[in-house]
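The values are calculated or read from the model by the stated rules, or taken from the named source; none is laboratory data. Just so it is clear, the structure is predicted and the values come from calculations on it, not from any experiment. A quick note on method: Cβ atoms are made from the backbone with ideal geometry, for glycine too, and the neighbour counts reach across all protein chains shown. Note: accessible area is taken over every heavy atom of the protein model, side chains too, but ligands, DNA and RNA are not part of it. Shrake-Rupley method; radii C 1.70, N 1.55, O 1.52, S 1.80 Å.
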Amino acid sequence: MISIEAAKAIAESFFPRGVEEIAKRIDVPITRTPLTGCDGWCVCSGTVADIVVNSDCSEARQRFTVAHELSHLLLGIEPQVVTSSTQPFKSDAGEETRVNELTGQLLLPETCLKSLITQIPVDGDALRKVARRGKVSEIMAACRIAKRATSLGLENAAVVAFEGETAKWCWSRTLEVPKPFASFLLKQAAGFRRGLYRHQQEDGQVITASILGDPASPVLFVQLLPDSIASQKTDGEAIREAADWLFGKDHHFRCSVNGCISSFKTKHAQTMSLEEAVNAFIDKHSSRWGRPHRQKLESLRGRHYLSLRLAEWFPGS
Ligand SMILES: [Zn+2]
């Protein structure tokens, strides 16, 4: 068995595939097979262990199960069956809390998390990006960010999970969200599904909320921030504003540009700086659109839209 520190170092260097690498290094085979009524378990006999994972679960859920069982093994805490009620940070007492803490660290190491959170307030788009890059669920990403709130520059953050419109549990180290207020925030944030709802408080602070997860069991990510920070536009909001100006109701133009952006970034990501990427994109693609569209795309605001869209893939700006 390797030490916890060694496991964390592997998780960081092999991110987002750290968990699979740790299993390989400690010789724990992962068997994926359809299971009924549970997400997976770990079979131990002496020094030999085997992790069995329900292949019907999403990839993110399977990775959570593997990380959770590996954390049991690394910490020397007897594993148990993982079911769908085993949530990333459900505040269980005792040993399970330690297991979940390590699970989060292996899936989303702090340095990786820090490099993915580039903006405050953190909105739904940013959370989904962390989930996508880390190959974890959105709720896992939200809980991990809330857990590391202070070191990420957020003073306060909480994650509230709902069943329908009823708040079921709230996870936070720094921010208590009363359940009736959480339900109020959920209703308000529903109108901002892709962005951020801001609730101005009398003390000058602002509560922000964004919705994650599926509509039947939504999850709310909540932050408490000073007005000056909360009012800053997120990248997602800036992109939507720029897109409204550029495309208006011209759905065809929007789809055509976005299609080109997708193919462009897969072909060229990491090979050029952001400015070079914007210029190369215009050189390569703008001739396909008629003059008025082309002029708009090549204008300062059009270029601004392109640089916002490409920024994630061409960081060298
Ligand atoms: Zn456990």
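Before moving on, here are some points about what is shown:
- The conditions of being of a type outside the set (A, V, I, L, M), surrounded by 11 or more Cβ atoms within 10 Å (Cβ to Cβ) and modelled with pLDDT of 95 or more are met by F253.
- Filtered residues of region 199-229 (kept if farther than 24 Å from E163 by Cβ, touching a helix residue (DSSP H, G or I) at 6+ places or on another chain (Cβ under 9 Å) and in contact (Cβ under 8 Å) with a residue 40 or more places away in the chain): L224
- Output for region 91-106, where each listed residue is within 14 Å of the ligand (Cβ to nearest atom) and in a helix (DSSP H, G or I): E95, E96, T97, R98, V99, N100, E101, L102, T103, G104, L106
- Scanning region 107-137 for residues that are more than 21 Å from K8 (Cβ to Cβ) and surrounded by 21 or more Cβ atoms within 10 Å (Cβ to Cβ) yields a count of 6.
- When region 23-45 is filtered for residues that are assigned to a strand (DSSP E or B) and either among the aliphatic types (A, V, I, L, M) or in contact with a Lys or Arg (Cβ under 8 Å, 6 or more places away or on another chain) (or both), the ones remaining, listed by number, are I30, V43.
- Residue pairs whose Cβ atoms lie under 9 Å apart, separated by 6 or more positions or on different chains, with the first residue in region 21-36 and within 17 Å of A11 (Cα to Cα) and the second of a type outside the set (A, V, I, L, M) and open to solvent by 60 Å² or more (accessible area, probe 1.4 Å), are E21/S13; E21/F14; I22/F14; A23/P29.
- Those residues of region 14-37 which are in contact with an Asp or Glu (Cβ under 8 Å, 6 or more places away or on another chain) and surrounded by fewer than 16 Cβ atoms within 10 Å (Cβ to Cβ), in sequence order: P29, T31, P34
- The criterion of being aliphatic (A, V, I, L, M), within 23 Å of L106 (Cα to Cα), at pLDDT below 90 and open to solvent by less than 80 Å² (accessible area, probe 1.4 Å) holds for L152.
- Of V53, V81, all but one fail to be farther than 15 Å from I2 by Cα, within 16 Å of the ligand (Cβ to nearest atom) and buried (at least 19 other Cβ atoms within 10 Å of the Cβ); the exception is V53.
- Cβ-Cβ under 6 Å pairs, at least 6 apart or on other chains, region 234-263 side touching a residue at least 24 places away in the same chain (Cβ under 8 Å) and over 22 Å from L196 (Cβ atoms), far side part of a helix (DSSP H, G or I) and open to solvent by 20 Å² or more (accessible area, probe 1.4 Å): F253/H293; I261/R309
- Residue check for V122: away from the ligand (no atom under 16 Å from the Cβ), in a loop (DSSP other than H, G, I, E, B) and touching a helix residue (DSSP H, G or I) at 6+ places or on another chain (Cβ under 7 Å): yes
- Pairs, first of a type in the set (F, W, Y) in region 289-309, second in a helix (DSSP H, G or I), C-beta under 6 Å, six or more apart: Y305/A242; Y305/L246
- Residue check for S286: touching a Gly at 6+ places or on another chain (Cβ under 8 Å) and farther than 24 Å from G124 by Cβ: no
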